[in-house]
Amino acid sequence: MKYSTGFRNNVLKKVLPPENRSIAEVSKETGVSEQTIRIWILKLKNDSLNPQEGEISPEQRSPAEKMSLIFESKSLTLEKKGEWLRKNGIHSEHLVLWEQELRDYMNNKTNRDKEIIKEQKKKIKKLEKELKKKEKALAEMAALYTLKKKAEEIWGEREED
């Protein structure tokens, strides 16, 4: 997955001094794999980290990156927001669009989840009905087998012709 330079730099800031947070913690927070973060750190140490590498348009950003940027933008004051937007290569309307995308995604996910639950309930009901039917048949067979045994005890075994 491709990440923007600004996003990559923000992730690196979190794991490098002065923050020095653990790679695992930052990975969980940002949705970037630990291995990717380690590769970025290694490239930074070897001076092979291309500043333009990974530069992507706002529309091509991953959902995790979009969500991270939305949360980050919420913590900024109005004065700092303009500088932050320029630094990350986005416009304020992107944030609004991304928030709507996330809302739509969550609503669709909720509807899909409800449909799945409804289907599973139908399936469970059908299986329970089938199980009851089989339990009745088994009970009937057990009763017939018991009667056959008692009949054999009383009249003896039936002779075959």
Pairs needed: first member in region 72-98, free of Cβ contacts under 8 Å to residues at least 12 places away in the same chain; second member anywhere, buried (at least 16 other Cβ atoms within 10 Å of the Cβ) and among the aromatic types (F, W, Y); C-beta distance under 8 Å; at least 6 residues apart or different chains.
L76/W84
Any idea which residue in region 52-73 is modelled with the highest pLDDT, counting only those that are over 16 Å from E101 (Cα atoms) and not in a helix (DSSP H, G or I)?
S57
Output yes when any residue across region 30-44 is at pLDDT 80 or above, closer than 14 Å to G6 by Cβ and within 24 Å of the chain's Cα centre (by Cα), and no when none is.
yes
Would you be able to say whether some residue in region 119-132 is assigned to a helix (DSSP H, G or I) and under 22 Å from the mean Cα position of the chain (by Cα)?
yes
Within the set of pairs 6+ apart or on separate chains, which have a first residue in region 42-65 that is closer than 24 Å to M106 by Cβ, a second that is modelled with pLDDT of 80 or more and among the hydroxyl-bearing types (S, T, Y), and C-beta atoms under 9 Å apart?
P63/Y105; A64/T30; E65/T30
Report, by residue number, each residue of region 88-97 that is surrounded by 12 or more Cβ atoms within 10 Å (Cβ to Cβ) and either among the acidic types (D, E) or assigned to a helix (DSSP H, G or I) (or both).
N88, H94, L95, L97
Counted residues in region 58-87 being farther than 23 Å from K2 by Cβ and either basic (K, R) or surrounded by 12 or more Cβ atoms within 10 Å (Cβ to Cβ) (or both) come to 4
Quick check on this structure: which one of A151, A139 is within 58 Å of the chain's Cα centre (by Cα), part of a helix (DSSP H, G or I) and small (G, A, S)?
A139
Please determine, by comparing only the residues of region 12-50 that are of a type in the set (S, T, N, Q) and under 21 Å from E72 (Cβ atoms), which one is surrounded by the fewest Cβ atoms within 10 Å (Cβ to Cβ).
N20
One residue is enough: does region 146-160 have a residue meeting the conditions in contact with a helix residue (DSSP H, G or I) (Cβ under 9 Å, 6 or more places away or on another chain) and in contact (Cβ under 8 Å) with a residue 40 or more places away in the chain?
no
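The values are calculated or read from the model by the stated rules, or taken from the named source; none is laboratory data. Fair warning: this is a prediction, and the values are worked out from it, not measured in the lab. Neighbour counts run over all protein chains shown; Cβ positions are idealised from the backbone, glycine included.
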